[in-house]
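To start, the structure under review is shown below, and the notes come after it.
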């Protein structure tokens, strides 16, 4: 859809990226690190100064203690972290339970490593996990369960009750959890992010994947980190060292510096909540139906009062004829379920949002 948006000179609210810059202090810190000569390889697991800041953040936010030497690895983007986590434990014919709609890197990573994806559907319009169904899907071959909260593409979240039900399901089973928490700080309406790190019995069997790009408006920098208990981290690093070995050194210095400003995390939620509300307020008189997103910087819009077209057809029509791009939620399902819902990214300046609102309200 981004390629189509470029081809047709359309407003791009499809791919998830901000159209505003990272904090100036972060950019300046990268420049200063380069000027001071931090331009060679960092340690494979990441700069210790950065890993220590990550450990401090995990304790401050989630009361969870992680060893920066043995349990935290800095990686060039969350997607590489996800792949390396899957590759480190999944073998031929292992089953991996995935909730869909699902971020599109999960299934290929599972299948590339010989595993089999098993699906539990988060059903429209609330997209809540059905734990009774999940229980029935778990078999002796189930090696991993992948969760994602706040959830891309739906903007739904896992509650504390969801996490406790997951904990009960995997108790006394040899199942690893992969928790994709890249939108951890982008959560709204007074809701608290239920990181898997808050639940010790889950954390001890989990890879937790995070993104600097989502937190600091720098998606193009491709920087993230993975936290896991020592025995899982050992296996993770065996894979990761042959995928990238290390990632950007001056950026690591910069993130180690800016992470000391912990108030930025709370400001992030406020910033994106204001953008969500601004976007939805502008659409209140449109023909779209919606439930406000609870997290991420994505909002789903139901166009069933506008068109009978399927999601891909309608999305392509919007790009070509109305000059605005969104993502069909059906593209995140293997069966391409058609609920007449599109995903829009609201991580945009108000001028961009105003242009989008004007187009959408005139449909």
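Please enumerate the residues belonging to segment 63-89 that are part of a helix (DSSP H, G or I) and more than 27 Å from residue 126 (Cβ to Cβ).
Residues satisfying the conditions are 79, 80, 81, 83, 84, 85, 86, 87, 88, 89.
Output the number of residues of segment 218-232 satisfying the condition of being surrounded by fewer than 21 Cβ atoms within 10 Å (Cβ to Cβ) and either under 14 Å from the mean Cα position of the chain (by Cα) or free of Cβ contacts under 8 Å to residues at least 24 places away in the same chain (or both).
Qualifying residue count for the region: 3.
Could you check, for segment 156-172, whether at least one of its residues is under 15 Å from residue 332 (Cβ atoms) and part of a loop (DSSP other than H, G, I, E, B)?
Our first condition is that a residue be under 15 Å from residue 332 (Cβ atoms); within segment 156-172, this holds for 156.
Remaining after also requiring part of a loop (DSSP other than H, G, I, E, B): 156.
Yes, some residue in segment 156-172 is under 15 Å from residue 332 (Cβ atoms) and part of a loop (DSSP other than H, G, I, E, B).
Report whether or not residue 110 is closer than 15 Å to residue 170 by Cβ, crowded, with 18+ Cβ neighbours inside 10 Å and in contact with a helix residue (DSSP H, G or I) (Cβ under 9 Å, 6 or more places away or on another chain).
Here the answer is no, as residue 110 does not meet what is asked.
So how many residues does segment 47-56 have that are crowded, with 17+ Cβ neighbours inside 10 Å and within 21 Å of residue 184 (Cα to Cα)?
5
Taking only segment 120-130 into account, find how many residues are surrounded by fewer than 16 Cβ atoms within 10 Å (Cβ to Cβ) and at pLDDT 95 or above.
2
Please tell me if residue 259 is free of Cβ contacts under 8 Å to residues at least 40 places away in the same chain and surrounded by 15 or more Cβ atoms within 10 Å (Cβ to Cβ). Show your work before the answer.
On the way: free of Cβ contacts under 8 Å to residues at least 40 places away in the same chain: no; surrounded by 15 or more Cβ atoms within 10 Å (Cβ to Cβ): yes.
Against the criterion (free of Cβ contacts under 8 Å to residues at least 40 places away in the same chain and surrounded by 15 or more Cβ atoms within 10 Å (Cβ to Cβ)), residue 259 does not qualify.
Just one of the numbered conditions (1) more than 30 Å from residue 318 (Cβ to Cβ); (2) assigned to a loop (DSSP other than H, G, I, E, B); (3) touching a residue at least 24 places away in the same chain (Cβ under 8 Å) is not true of residue 26; which one?
Failed condition: (2).
Taking the conditions exactly as written (farther than 20 Å from residue 214 by Cβ, part of a loop (DSSP other than H, G, I, E, B) and modelled with pLDDT of 95 or more), does residue 92 satisfy them or not? Let's see the steps before the verdict.
Details: farther than 20 Å from residue 214 by Cβ: yes; part of a loop (DSSP other than H, G, I, E, B): yes; modelled with pLDDT of 95 or more: yes.
Spelling it out, residue 92 is indeed farther than 20 Å from residue 214 by Cβ, part of a loop (DSSP other than H, G, I, E, B) and modelled with pLDDT of 95 or more.
Do we find a residue being in a helix (DSSP H, G or I) and under 22 Å from residue 329 (Cα atoms) anywhere in segment 32-51?
The answer is no, given that none of the residues of segment 32-51 is in a helix (DSSP H, G or I) and under 22 Å from residue 329 (Cα atoms).
Identify, from the list 348, 340, 320, the residue that is surrounded by 18 or more Cβ atoms within 10 Å (Cβ to Cβ) and out of contact with any strand residue (DSSP E or B) (no Cβ under 8 Å at 6 or more places or on another chain).
The match here is 348.
Which ones in segment 116-139 are assigned to a loop (DSSP other than H, G, I, E, B) and more than 22 Å from the chain's Cα centre (by Cα)?
138, 139
Filter segment 306-327 for residues that are touching a residue at least 40 places away in the same chain (Cβ under 8 Å) and in contact with a helix residue (DSSP H, G or I) (Cβ under 6 Å, 6 or more places away or on another chain) and give the result.
Passing the criteria: 319, 322, 324, 325, 326.
Taking residue 10 and the conditions (1) closer than 19 Å to residue 236 by Cβ; (2) in contact with a helix residue (DSSP H, G or I) (Cβ under 8 Å, 6 or more places away or on another chain), which numbered condition does it fall short on, given that it satisfies the others?
Result: residue 10 passes all but (1).
Exactly one of these conditions fails for residue 124: (1) in contact with a strand residue (DSSP E or B) (Cβ under 6 Å, 6 or more places away or on another chain); (2) in contact (Cβ under 8 Å) with a residue 60 or more places away in the chain. Give me its number.
Checking residue 124 against (1) in contact with a strand residue (DSSP E or B) (Cβ under 6 Å, 6 or more places away or on another chain); (2) in contact (Cβ under 8 Å) with a residue 60 or more places away in the chain, the one that fails is (1).
Return the residues of segment 284-303 that are surrounded by fewer than 20 Cβ atoms within 10 Å (Cβ to Cβ) and in contact with a helix residue (DSSP H, G or I) (Cβ under 7 Å, 6 or more places away or on another chain); say none if nothing qualifies.
285, 286, 290, 292
Quick one: residue 115 ticks every box in (1) free of Cβ contacts under 8 Å to residues at least 40 places away in the same chain; (2) crowded, with 18+ Cβ neighbours inside 10 Å; (3) closer than 29 Å to residue 53 by Cβ except a single one, so which number is it?
(3)
Being in contact (Cβ under 8 Å) with a residue 12 or more places away in the chain, over 18 Å from residue 353 (Cα atoms), loosely packed, with under 15 Cβ neighbours inside 10 Å and in the same structural domain as residue 153 (by TED's automatic domain parsing) is true for just one of 252, 241. Which residue is that?
Unique residue meeting the criteria: 241.
Determine whether residue 155 is on the phi > 0 side of the Ramachandran plot, at pLDDT 95 or above and surrounded by fewer than 18 Cβ atoms within 10 Å (Cβ to Cβ).
no
The values are calculated or read from the model by the stated rules, or taken from the named source; none is laboratory data. Note that this is a predicted model, so its numbers are computed, not measured. Because the Cβ atoms are built from the backbone with ideal geometry, glycine has one as well, and the counts that use them run over all protein chains shown.
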